[in-house]
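Encoded as structure tokens, the structure appears first; notes follow it.
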Amino acid sequence: MVRTPQEGRRPPSRQALGLVWAAFILLALFALDLLPLRGWAAVVVAAGTALALGSVLFAGNVRWVRVAPDGRDLAAVALSYIGVVVALRIAFVVFTPERTLGMFLFFAGGLLLGVAGPVVYTVWVHRRPLRDLGVGLHNLRATLPLALLLGAAQFAVTLWGYELPAPEGWVPLLVMALTVGLFEALFFRGFIQGRLEASFGTVPAVVGAAGLYALYHVGYGMGPGELWFLFGLGIVYAIAYRLAGNILVLWPLLIPLGSFFNNLEAGDIELPWASIAGFADVLALMALVLWLARRRQRRQEARVLSPIGKSALPHEKVPR
């Protein structure tokens, strides 16, 4: 039997594709130091599109697009997204930094909604594991090296050689960056991107999650030029998460380092020392929600694995 060139060609493995996409992310991060932000976003989108098309052509064993929309998942994504954006819009546009208490309460409320909502929906409503949100110790052999590599690249193009102000000028910003970074990693990658991928496949999920990530910054009062850059950044973050399937690839290094540097450069956010306690409280509440979800998940697993005599429902007769 004579094979045609198409039949004789062996498609690249998933590991090889992963290395190509990891190289793409690294190059994109280093390019931040070379290109203007809007131009950088255009290059990232164009290069990512070309690489995705090439992957589709040369890796026929990978399913990039699907059409199996889950109405409940999409409704949960829409409602939680609207709630988060509205809360942030009220915080930064209605209250503004001039009314600190109201701004912080709505800001913190939006962050907590973006973590607690997806966790409750995933673990309590759908009885899915936290792994569905990218939370856990799964896939660490791929996640940790990539997280360290991307974190080092982010540090090299942003904070290497950067002169930090006095501690009161940067420590509160760092704590805020860690808090917001955890929210963004879980909400936009673990939840939104994960649910979009389940309904529409990899490519629509990456593009959709990146677009929603950019648009959510309307809540901070940002304009179109900034949103375009954030769309490109969202593409990079979405691909990184897709490679690892664990939010540890993004947090606590990649996203917080970028956010921390941007806040330092902007110089328009001045936080008192007391704000550290506020953001620490928000982080603690996020951790509490995840701990409760993990405990709930273990109980569900225990019921499934328990002997039939213990797991049978009251009306069921256990065979003797």
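The values are calculated or read from the model by the stated rules, or taken from the named source; none is laboratory data. Predicted model only: the values in this text are computed from it and were never measured. Backbone-built Cβ (ideal geometry, glycine too); neighbour counts: all protein chains shown.
For the reader, a short list of remarks on this structure follows.
- In segment 82-112, the qualifying residues are those that are buried (at least 20 other Cβ atoms within 10 Å of the Cβ) and under 17 Å from the mean Cα position of the chain (by Cα), and the one that is nearest to ALA185 (Cα to Cα) is LEU111.
- Residues considered: ARG128, ARG195. Of these, the only one that is crowded, with 17+ Cβ neighbours inside 10 Å, basic (Lys, Arg) and within 19 Å of the chain's Cα centre (by Cα) is ARG195.
- Contact map, segment 278-289: residues that are touching a residue at least 60 places away in the same chain (Cβ under 8 Å) and of a type in the set (Ser, Thr, Tyr) paired with residues that are surrounded by fewer than 20 Cβ atoms within 10 Å (Cβ to Cβ) and part of a helix (DSSP H, G or I), Cβ distance under 9 Å, separation 6+ or inter-chain. No pairs are found.
- Listed by position, the helices (runs of 4 or more DSSP H) contained in segment 44-159 that have at least 2 residues being in contact with a helix residue (DSSP H, G or I) (Cβ under 9 Å, 6 or more places away or on another chain) and free of Cβ contacts under 8 Å to residues at least 60 places away in the same chain are 71-89, 100-119.
- Number of the condition not met by LEU271 [criteria: (1) touching a Gly at 6+ places or on another chain (Cβ under 8 Å); (2) surrounded by 18 or more Cβ atoms within 10 Å (Cβ to Cβ); (3) at pLDDT below 95; (4) of a type outside the set (S, T, N, Q)]: (1)
- Residue match in segment 166-186 (condition: surrounded by fewer than 17 Cβ atoms within 10 Å (Cβ to Cβ) and over 27 Å from ASP33 (Cβ atoms)): yes
- First in segment 225-240 and farther than 10 Å from ARG38 by Cβ and touching a residue at least 24 places away in the same chain (Cβ under 8 Å), second anywhere and assigned to a helix (DSSP H, G or I) and of a type in the set (S, T, N, Q), Cβ under 7 Å, 6 or more apart: ALA238/GLN193
- Among the residues making up segment 20-36, those that are assigned to a helix (DSSP H, G or I), of a type outside the set (Val, Ile, Thr), surrounded by 15 or more Cβ atoms within 10 Å (Cβ to Cβ) and touching a residue at least 40 places away in the same chain (Cβ under 8 Å) are TRP21, ALA22, PHE24, LEU26, ALA28, LEU29.
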